[in-house]
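One structure below.
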Amino acid sequence: MLYQQTISAPFLLSGIGLHSGEQVSVTVSPAPIDSGRYFMYGGEKIPADTTVVSASQLSTELRQNGTGVRTVEHLLSALFGMGVHNACIELDRPELPILDGSALPWVVAIAKVGIDIQGEGDRLLPLAESVTVRKGDSFVTAIPADTLRFTYGIEYPTKAIGEQWFSWSPAIANFSKSFAEEIAPARTFTLAAYIEQARAAGLIKGGSLENALVCDQERWINPPLRFDNEPCRHKLLDLIGDLSLLGFLPRAHILAYKASHNLHAEFAIALAQRL
Ligand SMILES: [Zn+2]
């Protein structure tokens, strides 16, 4: 967090897109200082920032000049969590692979090639006053604080999930290690009842019991879980990926409740205007 960094060497990962069901290969390469993280697809260079975000309930998309890349949140979360500010991400299809449904395969690949320090750049900016976005009973808020802290709450009408809260306050010096252990392994999740509905809408064609936790009204269909509150931790993983579109974080307590990718994105845009 205290330095601008890139990865030490390129790496390639491939897999299936969650929504498209298509096989995709992704090459992540080092990029120069101050270049940020950007996607290369279809001849378009798409920056990972709030100016091109168009998030839905289910995933985050970056779209520029009619070209979009989709489901970017887990890779962006992994890069930010591992302290990678500058990287070039080349795709041969327009959706990132879902892999195991978490950010862990990305984190493992980043750790394997290593990190290069490029220069100074503390990305924790002071926040003068709180910022909140809300929709119904969902909200995301940032409250000025001395240290960075995240809290996420979710509530689902199934006993398998129910109400969950998770709070994470990593020491900045320990941010990447803590992210890799506490956040990155948490997998995406869904309710079995929702799957048919989403498939009918042309979504989650690549979804399977290998890349998402699935529950019915009472229990998990494909245990074991990696954490008791794995769904709530995954929501925080998504929020970190979506907020990383800012390129920095506020020195604040960031509190989210029942939020979705579009509320995360709306919050990132609201923060970008204040910082
Ligand atoms: Zn996710």
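Numbers for the structure displayed
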{"quantity": "Helices (runs of 4 or more DSSP H) within segment 162-275 that include 3 or more residues exposed (fewer than 13 other Cβ atoms within 10 Å of the Cβ) and among the β-branched types (Val, Ile, Thr)", "calculated": "none"}
{"quantity": "Residue 132 touching a helix residue (DSSP H, G or I) at 6+ places or on another chain (Cβ under 9 Å), of a type in the set (Ser, Thr, Tyr) and buried (at least 18 other Cβ atoms within 10 Å of the Cβ)", "calculated": "no"}
{"quantity": "Hits in segment 72-94 - residues which are more than 14 Å from the chain's Cα centre (by Cα) and charged (D, E, K, R)", "calculated": "90, 92, 93"}
{"quantity": "Condition broken by residue 78, with the remaining ones in (1) outside any strand (DSSP E or B); (2) within 15 Å of residue 235 (Cβ to Cβ) satisfied", "calculated": "(2)"}
{"quantity": "Filter result for the condition that a residue is closer than 18 Å to residue 260 by Cα and either buried (at least 22 other Cβ atoms within 10 Å of the Cβ) or more than 15 Å from the ligand (Cβ to nearest atom) (or both), over 71, 67", "calculated": "71"}
{"quantity": "Top-ranked residue in segment 54-71 [being more than 15 Å from residue 240 (Cα to Cα) and of a type in the set (S, T, N, Q); ranked as farthest from the chain's Cα centre (by Cα)]", "calculated": "65"}
{"quantity": "Where residue 32 falls short, out of the listed (1) more than 16 Å from the ligand (Cβ to nearest atom); (2) surrounded by 22 or more Cβ atoms within 10 Å (Cβ to Cβ)", "calculated": "(2)"}
{"quantity": "Qualifying residues in segment 95-112 (those that are closer than 17 Å to residue 48 by Cβ and part of a loop (DSSP other than H, G, I, E, B)) - the one nearest to the chain's Cα centre (by Cα)", "calculated": "103"}
{"quantity": "Complete set of residues in segment 7-44 that are closer than 25 Å to residue 269 by Cα, in contact with a Cys (Cβ under 9 Å, 6 or more places away or on another chain) and in a strand (DSSP E or B)", "calculated": "37, 38, 39, 40"}
{"quantity": "Meets criteria (of a type in the set (A, V, I, L, M, F, W, C), in contact (Cβ under 8 Å) with a residue 60 or more places away in the chain and either more than 13 Å from the ligand (Cβ to nearest atom) or within 19 Å of residue 205 (Cα to Cα) (or both)) for residue 111", "calculated": "yes"}
{"quantity": "Selection status of residue 103, surrounded by fewer than 22 Cβ atoms within 10 Å (Cβ to Cβ) and either hydrophobic (A, V, I, L, M, F, W, C) or in contact with a Phe, Trp or Tyr (Cβ under 6 Å, 6 or more places away or on another chain) (or both)", "calculated": "no"}
{"quantity": "Filter result for residue 126 (of a type outside the set (Ser, Thr, Tyr) and surrounded by 15 or more Cβ atoms within 10 Å (Cβ to Cβ))", "calculated": "no"}
{"quantity": "Long-range neighbours under 8 Å by Cβ, at least six apart or interchain, first residue free of Cβ contacts under 8 Å to residues at least 24 places away in the same chain within segment 184-196, second away from the ligand (no atom under 11 Å from the Cβ) and aliphatic (A, V, I, L, M)", "calculated": "195/204; 195/214"}
{"quantity": "Pairs where the first residue, in segment 55-70, is in a strand (DSSP E or B) and the second is away from the ligand (no atom under 16 Å from the Cβ) and hydroxyl-bearing (Ser, Thr, Tyr), C-beta under 7 Å, 6+ apart", "calculated": "61/54; 63/54; 67/41; 69/41"}
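Yes/no matrix, rows are residues, columns are (1) in contact with a Pro (Cβ under 9 Å, 6 or more places away or on another chain); (2) touching a residue at least 24 places away in the same chain (Cβ under 8 Å); (3) of a type in the set (A, V, I, L, M):
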{"residue": "233", "(1), (2), (3)": "yes, yes, no"}
{"residue": "255", "(1), (2), (3)": "no, yes, yes"}
{"residue": "260", "(1), (2), (3)": "no, yes, no"}
{"residue": "266", "(1), (2), (3)": "no, yes, no"}
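Let's see how each residue does on (1) over 30 Å from residue 190 (Cα atoms); (2) without any contact (Cβ under 8 Å) to a residue 60 or more places away in the chain; (3) surrounded by fewer than 16 Cβ atoms within 10 Å (Cβ to Cβ); (4) in contact with a Ser or Thr (Cβ under 6 Å, 6 or more places away or on another chain):
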site	(1), (2), (3), (4)
5	yes, no, no, no
8	yes, no, yes, no
14	no, no, yes, yes
19	no, no, no, no
22	no, no, yes, no
27	no, no, yes, no
41	no, yes, no, no
45	yes, yes, yes, no
48	no, no, no, no
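Here, each number is a calculation from the coordinates, and none is a lab measurement. Since we're looking at a predicted model, the values are computed, not measured. Every residue, glycine as well, gets a Cβ built from its backbone with ideal geometry; the counts of neighbours run over all protein chains shown.
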